[in-house]
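Only one structure is covered here, and it is reproduced in the block below.
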Amino acid sequence: MIHLRHINKSYGRHQVLHELSLQLRKHEIHMLMGSNGAGKTTVARIIAGLETPDSGTVEGTGNRRTMVMQQDFVVWPELTVSQNMSIAGDQKQARHWLEKSELAGVAKTKAGQLSHGQKQRLSIARAMAFQPELLVIDEAFAYLDPARTAEAETWIQEALADDANPLVSVLWISQSSREALGVAHRLSILAHGSIIDTGPPGQIYLAPTTLTAARLTGALSSLTHAEWQACRSLITLPVGTDPPMPGEILTFRPERARLTPCAPGETGFSLLRSHFHPHGYVSHLSHAGTRPLQALTPEPPDPASTYRLILTHTPCILPQA
């Protein structure tokens, strides 16, 4: 297990990390999410040994062979693809990953002539050919199409599950809720230089403890106390649910709400727009005194109708940020 304890890091007068503690467990993908400037890359660099914290301890990294995959891929443009791969050291692994990444056909091409996507695949393949024990992924799939992204994710998952592969721990930095919910075993939310929420991705998605965690992990509708008062007659809460009090905010996911048409002439939510979603249609709703809300419906709603909103699951009541 790798353990960061009470890490502090500043650049000049700007404190980036404040008393941050984080655990990387064996055979787990631990994903770290946070807004821009939250300090995610600084955490990655400290774990990889590229930065030294001002205070606190990093335990368990020892002499682990560590590789960092970055969004700004590292390739040597004047070397061929094959020569870039040979830097990994183990030529058998280099050939294996050259084939697996489907770059063997351009093996003699200079890396500088590749597309951005090919350069990123080359960078990922070379990192995997090193057979690291600790892998740090810092938004490394930005230039890959969805199919290539899924492929690269599978490589890492398979390596982590393979007893013959030395990979033990993965720290994955992302701003993608799809990656967080579909790839991670464990998820931590970073804000103001500290971890504010951590746990299984499903737990944080369905029962976040902070508004920041709720917003980062997927589509979210929210109502302050004042907004609730403005539309409370149009929303049905599950039995036993308390409405938000002053200083609180009511939040729910679109798939945990459904619409029912109002009677002709009855006031309700107006439909702003709807768009296709793999599980139905996301409808954006408007009512005076509230911000737009979202609900997932099996069919596109009628723009000429007004609607009531029925929450099918207990919403989260969170402190208002």
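Laboratory data are not the source of any read-out in this text; all were calculated from the coordinates shown. For clarity, every value in this text was computed on a predicted model and none was experimentally measured. All Cβ positions, even for glycine, are placed from backbone atoms using ideal geometry, and neighbour counts span all protein chains on display.
Taken over the stretch 259-321, the convex hull of the Cα atoms encloses 115 Å³ per residue. The angle between the Cα long axis of helix 146-161 and the main principal axis of the chain comes to about 70°, on a 0 to 90 degree scale.
Only DSSP H runs of four or more residues enter the estimate; each adds -39500 (n - 2.57), and after division by the residues of the chain the mean residue ellipticity at 222 nm equals -7000 deg cm²/dmol.
For the pair D145 and H313 in one chain, pulling the backbone fully straight at 0.36 nm per residue adds 57.0 nm over the alpha carbon distance. Over every pair of different alpha-carbon atoms in the chain, take the mean of 1/r and invert it; report that Kirkwood radius in Å. Final number for the Kirkwood radius of the chain is 22.1 Å.
Computed from the C-beta positions of A288 and M1 and an R0 of 41 Å, the FRET efficiency is 0.20 to the nearest 0.05. Rounded to the nearest 10 degrees, the angle from helix 91-100 to the longest Cα principal axis of the chain is 40 degrees. Expressed as a whole number of Å, what is the distance separating the alpha-carbon centroids of the stretch 158-194 and the stretch 40-86? So the two Cα centres are separated by 16 Å. Please list, by residue number, everything in the stretch 92-131 whose backbone N is under 15 Å from a paramagnetic label point 7 Å out along Cα→Cβ of Q83. Output list for this probe position: 107-114. When the square roots of the Cα gyration tensor eigenvalues are ordered a ≥ b ≥ c, the ratio a/c for the stretch 1-142 is 1.5 or more and a/b exceeds b/c, which makes its shape prolate. Here the average projected area of the convex hull drawn through the C-alpha atoms of the stretch 109-245 stands at 12.6 nm².
Taking label points 7 Å from Cα along the Cα-to-Cβ direction, A230 and Y11 give a separation of 3.9 nm.
One chain, two ends: S305 and Q113. Fully extended at 0.36 nm per residue, the span grows by 63.6 nm beyond their Cα-Cα distance. On full extension, the segment bounded by D54 and W76 gains 4.6 nm, given 0.36 nm per residue less the C-alpha separation. If R0 is taken as 45 Å, the Cβ-Cβ distance between C262 and S35 corresponds to a FRET efficiency of 0.75.
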